[in-house]
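S.K.: The structure under discussion is supplied below as structure tokens; questions concerning it will follow.
Computed from the coordinates by the stated procedures, all read-outs in this text should not be read as laboratory data. Note that the structure is a prediction, hence the values are computed from the model and not measured. All Cβ positions, even for glycine, are placed from backbone atoms using ideal geometry, and neighbour counts span all protein chains on display.
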Amino acid sequence: MNGQIRVLALCVLRQGNRILVRETQDPHDGRSFCRPLGGGVEFGETSQAAVRREIREELGVELAELRLLGTLESLFSYAGRPGHEVVLVYRAEFADRQLYAQTELPGQESDGEAFMATWRSLDSFDDTCRLVPEGLLELVTSTT
């Protein structure tokens, strides 16, 4: 991560006890982890605008009722390299409520990589598939 601190805006989309996440594996150690959708805040962009843009780019959908849950600072290792992120965590609803009926939502990263976002129960996260960044599970469950 070349010594840079990244600022991210993530979106917690919740349906009862489940949240929408993307599951990924660390190419260095093969460990799985899940993260809500979202991404980097660009220069001159608010974190709220960034989370709306990221969800629009990744899923092609609009958000409603966006509110800030909190901010987390994350020191981690990915692909064998250290990383440092300041993460603004938002809670939102889909503007199109019919999206909650889908078990999976196809997405696409800015580099064209396709992925599948899935609903996972909050009690399903453990050492076999962590919810990142660290502290996110506690933040989500304490601000129902």
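S.K.: What is the magnitude of the charge dipole of the stretch 6-138 about its Cα centre, with +1 placed on the Cβ of each Lys and Arg, -1 on the Cβ of each Asp and Glu, and no other charges, expressed in debye to the nearest 20?
M.R.: The dipole of the stretch 6-138 has a size of about 260 debye.
S.K.: Could you tell me which GluC sites (Glu not before Pro) in the stretch 48-106 are loop residues by DSSP with no more than 15 other beta carbons within 10 angstrom of their beta carbon?
M.R.: Sparse-neighbourhood loop GluC sites (Glu not before Pro): GLU62.
S.K.: Rounded to two decimals, what is the ratio between the C-alpha radius of gyration of the stretch 34-144 and 2.2 N^0.38 Å?
M.R.: That ratio works out to 1.08.
S.K.: List the residues whose amide H sits under 5 Å from the amide H of TYR78, counting only those 5 or more places along or on another chain, with H placed 1.01 Å from N in the peptide plane.
M.R.: The answer is GLY83.
S.K.: Can you check what the net charge comes to around ARG130, using other residues whose Cβ is under 14 Å from the Cβ of ARG130 (Lys, Arg +1; Asp, Glu -1)?
M.R.: -4
S.K.: Then there is this: List every residue whose amide H lies under 5 Å from the amide H of LEU69, counting only residues 5 or more places away in sequence or on a different chain, with H placed 1.01 Å from N in the peptide plane.
M.R.: VAL89, TYR90, ARG91
S.K.: Tell me which of VAL12, ALA50, CYS34 sits at the most positive position along the dipole axis of the chain, charges placed on C-beta atoms (Lys, Arg +1; Asp, Glu -1).
M.R.: Farthest towards the positive pole: VAL12.
S.K.: Could you give each residue of the stretch 125-140 its phi-based ³J(HN,Hα) in whole Hz, using Karplus coefficients 6.51, -1.76, 1.60 with θ = phi - 60°, and x for Gly or Pro?
M.R.: Karplus-based 3J(HN,Hα) across the stretch 125-140 equals 7, 7, 5, 7, 8, 6, 9, 10, x, 3, x, 5, 4, 5, 5, 5 Hz.
S.K.: Whole-Hz Karplus ³J(HN,Hα) for the stretch 53-58, in order, using 6.51 cos²θ - 1.76 cosθ + 1.60 and θ = phi - 60°, x for Gly and Pro?
M.R.: Going residue by residue, I get 5, 4, 5, 5, 5, 7 Hz, with x marking Gly and Pro.
S.K.: Taking θ = phi - 60°, what integer Hz values does the Karplus form 6.51 cos²θ - 1.76 cosθ + 1.60 yield along the stretch 62-74, in sequence order, with x for Gly and Pro?
M.R.: 9, 10, 9, 6, 7, 8, 6, 8, x, 10, 10, 10, 10
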